[in-house]
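Laboratory data are not the source of any read-out in this text; all were calculated from the coordinates shown. The structure presented is a predicted model; accordingly, all values stated were derived computationally and were not measured. We place every Cβ from the backbone using ideal geometry, glycine too, and count neighbours over all the protein chains shown.
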Amino acid sequence: MAWAVYARQSVEKKNSISIESQIAFCQKTAGQELSVYRDRGYSGKNTQRPDFQRLLNDIQAGKIEKLYVYRLDRFSRSVADFGKLWETLRAHGVEFVSINENFDTSTPMGRAMLHIIMVFAQLERETTAERVRDNYHRRASLGAWPGGPAPYGFTLGRCTDGQGHAVPTLLIEPDKSEIVRRVFEAYAEEGATLGSVAKMLNQEGIPGPKRSTWDNVSLSRLLHTPCYVRADEQVRLHYQALGANICSAPEDFDGVHGVQLVGKRDRSAKKYTDVKEHNVSVLNSEGFIPSELWLRCQDKLQRNTQIGNNGKGKHTWLSGLLKCASCGYALKIAHKESRQRYLQCSGKYNLTKCDAVIRADLNALEAETAIQIQTMLNETPEETLEEKHEDRYANRLDELDRRADRLLDAFSESPDMSSAYLQRALARIEKERQQLLESRKRDSRRPILPHKLVFEALSFEEKKLVAAQFIRRIEVGDDTAQVIWNI
């Protein structure tokens with residue numbers, strides 16, 4: 001491995017040290033010839049420099065043992081960038097020397113200086129993130145689109161605020177907004193489901209927001225989006241009853257403009273419906289879905305909330321983990337009654353959009369996966385694996401009580417909330433309570449895992465539990481399968 005020098009000069013100035021002088025000083029300090037990397041006419045504000053990138057490639061290839069620079073700002077002017085670069089150097093065992101600052105990571109003082117720089121790099125990252133977050137929330141509170149891509153049916157644009165400043169807004173795309181309107185109207189029909197609406201759109205060849213097909217997830221996300229609704233007082237009361245923070249004045253809910261919901265979403269259960277402590281503000285852009293239609297769809301979506309999957313996954317303990325390598329949709333079991341079981345892509349048979357032919361033998365896949373899981377179990381330190389049957393539902397049941405209280409408070413404060421709306425909302429809460437109680441009862445009967453695990457000796461349900469802990473997903477192709485592990 002070689003010792004190297006990196007030199008950079010953006011422009012030639014009278015008081016700026018030349019690249020040749022930088023190299024000469026570094027070679028004198030090193031006491032030997034150095035492999036030279038130089039960038040002339042490039043700023044140190046970013047890392048997109050030709051020889052700098054060549055240097056990084058050689059470092060990652062293990063060709064560099066020690067790196068010299070004349071001064072730190074020749075290497076990088078950004079503390080945050082230098083922090084990332086140092087992680088690369090350290091990962092490949094490269095010592096770093098800056099001769100002007102007497103900075104050498106092979107010495108205790110040099111390493112101490114490095115830690116100080118890393119502290120400032122972290123401070124810079126956190127300060128930048130805080131500024132971005134504050135700006136995002138401020139834009140949202142003023143009704144402007146806070147950032148990110150426009151929702152399906154809109155395009156990004158600009159409008160002028162009361163002070164003459166240009167601020168982001170959403171502009172309606174006529175073609176796509178008609179599709180959004182069809183989605184809401186179709187889903188609101190009696191007997192319609194997310195699956196039936198998705199099938200309708202796919203049969204008509206209408207592409208989805210991010211892929212060529214529609215599915216339950218993309219439809220649910222669209223139907224929950226509040227920027228489409230012409231938000232009036234009933235929409236305000238809807239979010240107030242759900243525990244959201246209403247940031248706009250009541251008179252701003254004028255039945256013309258949409259609203260936006262800002263807050264950190266939980267990636268687990270109730271991803272869309274739990275909006276407690278989220279901020280709701282009226283947008284500066286108009287909606288196009290009537291509030292009555294939008295609220296009818298929200299009622300239906302809340303009734304569809306699933307708690308538990310009691311009837312799923314009876315044919316393989318890998319259920320829920322098997323995905324099509326071609327389209328990413330879940331795989332289902334074919335030939336369930338025969339000794340040899342095969343897999344089918346739900347994207348192909350339910351949405352008629354995937355051309356993948358899955359020939360992988362599920363029996364062979366289970367056998368090979370079981371062997372790999374057992375190998376990892378054998379390497380796992382012995383510890384008690386008893387599952388504690390804690391009452392994990394207590395907080396969620398308490399939250400239902402609080403939601404009902406907030407709903408009653410909203411009803412008492414607003415003469416515009418109808419008693420029929422109140423009764424429907426309370427009925428949904430009671431139904432969700434009963435589902436939670438049933439789920440808690442089922443959980444109390446879940447099996448307790450033994451102290452030492454022999455995978456083949458486990459029951460079907462125990463195998464599912466262990467597999468879910470070790471495996472993120474299994475991508476199955478024509479006659480191949482790749483296991484993506486959680487470890």
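Give Lys314/Lys464; Lys323/Lys431; Lys323/Lys463 a once-over and call out the pairs whose C-alpha atoms are over 21 Å from each other. From Lys314/Lys464; Lys323/Lys431; Lys323/Lys463, over 21 Å: Lys323/Lys431. For Ser196 and Glu368, the FRET efficiency from 1/(1 + (r/R0)^6), where r spans their Cβ atoms and R0 equals 41 Å, is about 0.60.
Charge dipole (Cα centre; +1 on Lys/Arg Cβ, -1 on Asp/Glu Cβ; no other charges) of the stretch 38-99 amounts to roughly 220 debye.
Taking square-rooted eigenvalues a ≥ b ≥ c of the alpha carbon gyration tensor, is the stretch 39-114 rounded, prolate or oblate, where a/c under 1.5 means rounded and, failing that, a/b exceeding b/c means prolate?
oblate
Other residues whose C-beta falls under 12 angstrom from the C-beta of Phe25 contribute a net charge of +2, scoring Lys and Arg +1 and Asp and Glu -1.
Calculate, in nm to one decimal, what Leu437 and Ser35 gain on full extension: separation in residues at 0.36 nm each, minus their alpha carbon distance.
Between Leu437 and Ser35, full extension yields 137.7 nm more.
Rounded, prolate or oblate: which fits the stretch 1-64, taking a ≥ b ≥ c as square roots of the Cα gyration tensor eigenvalues, rounded meaning a/c under 1.5, else prolate when a/b beats b/c? Oblate, because a/c is 1.5 or more while a/b does not exceed b/c.
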